[in-house]
2 protein chains.
Amino acid sequence: MPLPIHANPVKQTGRTEYKQHFTRTINCFIYTFFLFLLPPIVSFAQTGKPAGKPNIVLIVADDHGTDALGCYGNRVIKTPHLDQLAAEGVRFTNAFCTAASCSPSRTVILSGMHNHANGMYGLEHSFHHFNSFASIESLPVLLAKAGYQTARVGKFHVGPEQVYAFQKVLSSGKANDPASLGRNPVQMAELSKSFITSINQPFFLYFATDDPHRSNKVLPNGEPDFNTGTAPNPFGNRQEGYAGIKEVSYQPAQVAVPSFLPDTRESRAELAQYYQAVSRIDQGVGKLIEYLKASGKYENTVIIYISDNGIAFPGAKTTLYDAGIKLPCIVRSPTTLKKGMVQQGMISWTDITPTILEFAGALPAQAAFHGRSFKKLLEEETVPGWDEVYASHSLHEITMYYPMRAVRTRKYKLIYNIAHQLPFPLALDLVKSFTWQGIMRSKTKQYGKRTIDAFLNRPKFELYDLEKDPDEIQNLANSPAHQDVFTQLLGKLKHFQQQTHDPWIHKWEYE
Amino acid sequence: MPLPIHANPVKQTGRTEYKQHFTRTINCFIYTFFLFLLPPIVSFAQTGKPAGKPNIVLIVADDHGTDALGCYGNRVIKTPHLDQLAAEGVRFTNAFCTAASCSPSRTVILSGMHNHANGMYGLEHSFHHFNSFASIESLPVLLAKAGYQTARVGKFHVGPEQVYAFQKVLSSGKANDPASLGRNPVQMAELSKSFITSINQPFFLYFATDDPHRSNKVLPNGEPDFNTGTAPNPFGNRQEGYAGIKEVSYQPAQVAVPSFLPDTRESRAELAQYYQAVSRIDQGVGKLIEYLKASGKYENTVIIYISDNGIAFPGAKTTLYDAGIKLPCIVRSPTTLKKGMVQQGMISWTDITPTILEFAGALPAQAAFHGRSFKKLLEEETVPGWDEVYASHSLHEITMYYPMRAVRTRKYKLIYNIAHQLPFPLALDLVKSFTWQGIMRSKTKQYGKRTIDAFLNRPKFELYDLEKDPDEIQNLANSPAHQDVFTQLLGKLKHFQQQTHDPWIHKWEYE
């Protein structure tokens, strides 16, 4: 199995060229047919020209796991618009971020490179102060060069600004800042409307919500305060609601507690709040699609819905366990013939940029991307060669140094905890969470299916058989029966580090 | 004893005003007297006006300890010009950097703030990629606002450029880059000559050598290679020499091995090379002073000679042991009456910026500096209130996370190793050094006066009685007889972290 980083996107394009041409032709017919159904207000100039170059809408939620989506099997949560998007498009069941930390993950999405190679080793805001290298050519910059009009709305949380440059900034505001409007995805859609409607060239809209991130107060010194005392974190929910949003509330008794979480009063209370925030996103996506349809541009628009990392509970976010990195990915593409396809190919967020660039006809021949385009996976159900992904986390907050590297195949995951001597650091929003504090008060030794000790104190290597042990509890790194698998995966990890110019590679040679 | 961060520079100025006025007046007389001795080419416009505002020359060497200077007691090394500077000025015997790492230390020098508060948590170059916050107002920027002409020559290694903005860049080049000319301090002086001579306003010259840093080859991937195999590192020395430099070479048998180092063939061979590089600096300083004198501006120029951190051997650089942080500091000031004064007051590099700003009459009333002006210490031998310093190191290379905080009084030092669970990380230039590799080959368990194990594996707290144990070998943190001292110093450290907005403060509350 070749490493994704070795897969040559140029060759891929070569192999898929016929298919691509065919699906484009078919799409053109469908498209022309739809044109006649549209109201006359939609002019040819607005819709006809860019048929070869589709519009791109990339929706990135904040801390949204697969656990809280109807189309991923949750029967309680109300996400009708996202479910509909999946019904019309492709739903990935093996999609992974490569770092379960906001800024690093977002730079991977927007650069096609692991964060250890793009410079964003941790969070961008406040004193954490990480930034990508000035030399990085990001997705919006490459799309602008390819003739796209680019705009962003909502959360940004990457930097520097000139590297991740969008031509239009429809809302400003820092991470989790009311000015970003990220808590009101319907208002984000409203702000996007005139951008979508008015332009006559293909566009790239980066639509990033603050939902369903935990919310916080701000201390006098400007630092966030996530302490909610004896109440659950509200996840952005508020008494007065948000303009244009019909809040959907949930009862703690209703929620489905993910298997990694303890089933407690506190976790259920927080999951109910989290669900409500997810339902806000769903309404924003619904509104955005409504405007896309009204503008006549929906059919020629690729819509991608993903999240930066898993849910904001200890055990998911900031870890490389599946709860932290296995994420929703729903893609609606003009090139997909089989609507409602479920795609089991394993993809990672390093693939997002190459995929979008291929749609834009702007995939460079010699790109430094660590991922490759998965466009073909939107067109065919079974495509060989998509059976492993890599992950790389270094820091989250500046004080949370805990570099980990992981390879995940369909059956196994190997995690290399480079600073395993340290206790696993807990992020401010997670350590202060009602859920974690409840566990601390209870004096239990267990956190979900793990012991607290196992969660906080990790060995150098963790090897899990995901088929037999999807919760990643039974470490097989020292199991004699698994030494061949261990050695093989370790070789892959080292190779991955070499090929992606990982600064931490020297730890194999000296500390 | 108040913390330096509490000392109010405004009040200080108030107390010293009379003295200051008096010495200025005296100085004015001396100055006028000298004017008549100068060749007629020196016009009044060039020298007369700025009498109230002296020129400032800040010389920063790279990895130069007190061990290799004639005026600090080394009888072998030839540093006649630096010794002469000390003879005409003030030599500090208790001067400390606050982080023994190049970029962090240089930002402390140029911002007056600990690196944990200015954002430069580690090295600036290559993938390490640390940078100060855009909000920092640095020394050259404040001096430019105060009417100074600012220029830099030689090594820079801080960032971003706009924060540490100099009006003139006399030589460019990255860290340890031949283009920086940092290996040829005489050429740096030549480049500075026209700047010094031509301007009619007070100037600030930042003169930073690459000497006596270890030298390296560059690998095809652009990374530095410090491996010298069976030869000592040349410390920039080369067969063909440097234009204008009379190389002074030393025999390994001659050198004085500092007490923290093992006395081996390898360490002696490297110390001899290091001495040679120091003698290059000395010639550059000599040439610079020659040009200052020729321009007639010497008398009204404050010259400060310091180093960023201790020598580039394991045990000094990147540690908070005295070999890493106790450094040369020689100041020649127009306000010093007693030439050749030896000043025992304890100062740190957080004090450099406030001191220079006081000389420039530009010390802000409400500054965020963590240090305070030591101008008075240049005028009086005994000044109360200079009896402790603080140090803060977080990373060096991006992979070398090892945050330490320390308080050092005249008698004691307490070091708090925040990530004590990790082995102490060795920098690329140190781990590959002939000295360290020799120790590794020898299979000895000892490195100088420490065991290798004690050097690499450190406890959470280290408390040393520096009077009885200047080599910091006997850790008293758990000594029952020292619990009062320990508790008192720990309280100081926490207070220091609070007052200087240390992001790592939360480690006291939760990991």
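One line per residue, one yes/no per condition, for (1) at the interface with chain B (Cβ under 10 Å from one of its Cβ atoms); (2) farther than 15 Å from B:Tyr121 by Cβ; (3) touching a Gly at 6+ places or on another chain (Cβ under 7 Å):
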{"site": "A:Ala117", "(1), (2), (3)": "yes, yes, no"}
{"site": "A:Ala134", "(1), (2), (3)": "yes, yes, no"}
{"site": "A:Leu142", "(1), (2), (3)": "no, yes, no"}
{"site": "A:Lys145", "(1), (2), (3)": "no, yes, no"}
{"site": "A:Thr150", "(1), (2), (3)": "no, yes, no"}
{"site": "A:Gly154", "(1), (2), (3)": "no, yes, yes"}
{"site": "A:Val158", "(1), (2), (3)": "no, yes, no"}
{"site": "A:Glu161", "(1), (2), (3)": "no, yes, no"}
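Just give me the residues in segment A:164-184 being outside any loop (DSSP other than H, G, I, E, B) and either modelled with pLDDT of 95 or more or over 29 Å from A:Gly222 (Cβ atoms) (or both), in sequence order. Step through it out loud before you land on a result.
Restricting attention to segment A:164-184, the residues satisfying the condition of being outside any loop (DSSP other than H, G, I, E, B) are A:168-169, A:178-180.
Result: A:Lys168, A:Val169.
Considering (1) within 30 Å of B:Ala269 (Cβ to Cβ); (2) among the basic types (Lys, Arg); (3) open to solvent by less than 40 Å² (accessible area, probe 1.4 Å), the lone condition that B:Lys507 does not fulfil carries the number (1). Going residue by residue through segment B:140-149, is there one that turns out to be more than 18 Å from B:Leu357 (Cα to Cα) and open to solvent by less than 10 Å² (accessible area, probe 1.4 Å)? No.
Selection of segment B:219-247 for residues being more than 24 Å from B:Gly286 (Cβ to Cβ) and either within 28 Å of the chain's Cα centre (by Cα) or not assigned by TED's automatic domain parsing to the domain that holds B:Arg280 (or both) yields B:Gly222, B:Glu223, B:Pro224, B:Asp225, B:Phe226, B:Asn227, B:Thr228, B:Pro232, B:Asn233.
Selection over segment B:397-412 of residues that are open to solvent by 10 Å² or more (accessible area, probe 1.4 Å) and in contact with a helix residue (DSSP H, G or I) (Cβ under 9 Å, 6 or more places away or on another chain) gives a count of 5. Search segment B:428-448 for residues being at pLDDT 95 or above and surrounded by fewer than 16 Cβ atoms within 10 Å (Cβ to Cβ), and hand back the single one that is nearest to B:Tyr412 (Cα to Cα). Top of the filtered list is B:Gln446. For segment B:201-226, the set of residues classified as exposed (fewer than 15 other Cβ atoms within 10 Å of the Cβ) and either closer than 27 Å to B:Arg265 by Cα or aliphatic (A, V, I, L, M) (or both) consists of B:Lys217, B:Val218, B:Leu219, B:Asp225, listed by residue number. Filter segment B:443-461 for residues that are of a type in the set (A, V, I, L, M) and either away from chain A (no Cβ under 14 Å) or not in a helix (DSSP H, G or I) (or both) and give the result. Listed by number, the list holds a single entry, B:Ala454. Looking across segment B:96-119, just one residue is touching a Lys or Arg at 6+ places or on another chain (Cβ under 7 Å) and either among the small types (Gly, Ala, Ser) or without any contact (Cβ under 8 Å) to a residue 40 or more places away in the chain (or both), and that is B:Ala100. Selection over segment A:322-349 of residues that are modelled with pLDDT under 95 and not in a loop (DSSP other than H, G, I, E, B) gives a count of 0. Condition first: more than 14 Å from chain B (Cβ to nearest Cβ) and hydrophobic (A, V, I, L, M, F, W, C). Now tell me which residues in segment A:462-511 satisfy that. Once the filter is applied, which keeps residues that are more than 14 Å from chain B (Cβ to nearest Cβ) and hydrophobic (A, V, I, L, M, F, W, C), segment A:462-511 yields A:Leu463, A:Leu466, A:Ile473, A:Leu476, A:Ala477, A:Ala481, A:Val485, A:Phe486, A:Leu489, A:Leu490, A:Leu493, A:Phe496. Of the residues making up segment A:157-175, those that are in contact with a strand residue (DSSP E or B) (Cβ under 7 Å, 6 or more places away or on another chain) and not polar (S, T, N, Q) number 4. In segment B:120-148, the residues that are farther than 27 Å from B:Thr399 by Cβ reach residues that are of a type in the set (Phe, Trp, Tyr) and open to solvent by 10 Å² or more (accessible area, probe 1.4 Å) with C-beta atoms within less than 8 angstrom, at least six apart or across chains, in these pairs: B:Pro140/B:Phe166. From the residues in segment B:457-496 that are of a type in the set (S, T, N, Q) and within 26 Å of B:Pro425 (Cα to Cα), which one is most open to solvent (accessible area, probe 1.4 Å)? That would be B:Asn478.
The values are calculated or read from the model by the stated rules, or taken from the named source; none is laboratory data. Source: prediction; values computed, not measured. For neighbour counting, all protein chains shown are included, and Cβ atoms are generated from backbone atoms with ideal geometry for every residue, glycine included. Just so you know, the surface numbers come from the protein's heavy atoms only, side chains and all, with ligands and any DNA or RNA stripped out. Shrake-Rupley method; radii C 1.70, N 1.55, O 1.52, S 1.80 Å.
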